[in-house]
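Report on the following structure.
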Amino acid sequence: MRWTSVQSQFVDDPKGAVSQADHLVSELMHARGYPVGEFDQRAADISVDHPVVVDNYRAAHEIAIHHASGQASTEDLRKAMVHYRSLFDELLETSLPERKEARG
């Protein structure tokens, strides 16, 4: 599983792991039929199907922004990974149908 690889990278390269987690979540969102435009639109779209974890997505994104400007601690990056993992797991749930656009 790609997530396991990203997660194991955290020990040696926390910043790289968070960047990879963000990328992996974006790929999965696209595969599930979510638009890949601006973050605010992605968060709004995901909140329809996954209202419980959208806050995790927003928190992880905020940490990623701080990380990009060099203002995130290792603990912040760890929290981002936890948030991304929650969203990743939720998106993989097979009980939820893919969005209509993906089924086209």
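The set of residues in the stretch 47-64 being more than 26 Å from residue 75 (Cα to Cα) and in contact (Cβ under 8 Å) with a residue 40 or more places away in the chain consists of 49 alone. Collect the residues in the stretch 6-29 that are surrounded by fewer than 20 Cβ atoms within 10 Å (Cβ to Cβ) and β-branched (Val, Ile, Thr), keeping them in residue-number order. Passing the criteria: only 11. Listed by first and then second residue, the pairs with beta-carbon distance under 6 Å, at least 6 apart or on different chains, first residue in the stretch 17-38 and in contact (Cβ under 8 Å) with a residue 12 or more places away in the chain, second surrounded by 17 or more Cβ atoms within 10 Å (Cβ to Cβ) and among the small types (Gly, Ala, Ser), are 18/80; 22/64. Only a single criterion out of (1) surrounded by 19 or more Cβ atoms within 10 Å (Cβ to Cβ); (2) at pLDDT 85 or above; (3) over 16 Å from residue 32 (Cα atoms) is not satisfied by residue 79, namely (1). Within the stretch 58-94, if we keep just the residues that are out of contact with any helix residue (DSSP H, G or I) (no Cβ under 6 Å at 6 or more places or on another chain) and acidic (Asp, Glu), the residue that is farthest from residue 46 (Cα to Cα) turns out to be 75.
The values are calculated or read from the model by the stated rules, or taken from the named source; none is laboratory data. What you see is a predicted model, and the numbers here were worked out from it, not measured in a lab. Heads up, the Cβs are rebuilt from the backbone with ideal geometry, glycines too, and the neighbour counts pull from every protein chain shown.
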